[in-house]
1. Here is a list: 31, 56, 15. Which entry is more than 10 Å from the chain's Cα centre (by Cα), of a type in the set (A, V, I, L, M, F, W, C) and modelled with pLDDT under 70?
2. List pairs: first residue in region 25-44 and touching a residue at least 24 places away in the same chain (Cβ under 8 Å), second residue loosely packed, with under 12 Cβ neighbours inside 10 Å anywhere in the structure, Cβ distance under 6 angstrom, at least six positions apart or on different chains.
3. Out of all the residues in region 37-47, which are surrounded by 11 or more Cβ atoms within 10 Å (Cβ to Cβ) and out of contact with any Gly (no Cβ under 8 Å at 6 or more places or on another chain)?
Amino acid sequence: MAEIADRFSGLLTGAGGRQVQLFAVTEPLMAGSRGDHPELTPPLLDLAPELPGEPAEVIARRVGLPAA
């Protein structure tokens, strides 16, 4: 994650940076809710609360995953 933050810092901290990060986390979480790459779900849920300021359980429910 640190390498991504360094490489794309201009995009991630700009005006739309939060939206870019939310999209980048949401798409794989949605895939995880369909059973694709379930191993990605826990680390994404760990990162997700930092973005919108909501608990991981709320985000998990929104994408149809059971709360951790």
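The values are calculated or read from the model by the stated rules, or taken from the named source; none is laboratory data. Please read all numbers here as calculations on a predicted model, not as lab measurements. Positions of Cβ are backbone-derived with ideal geometry, glycine not excepted, and every protein chain shown enters the neighbour counts.
1. 15
2. 33/64
3. Passing the criteria: 37, 42, 43, 45, 46, 47.
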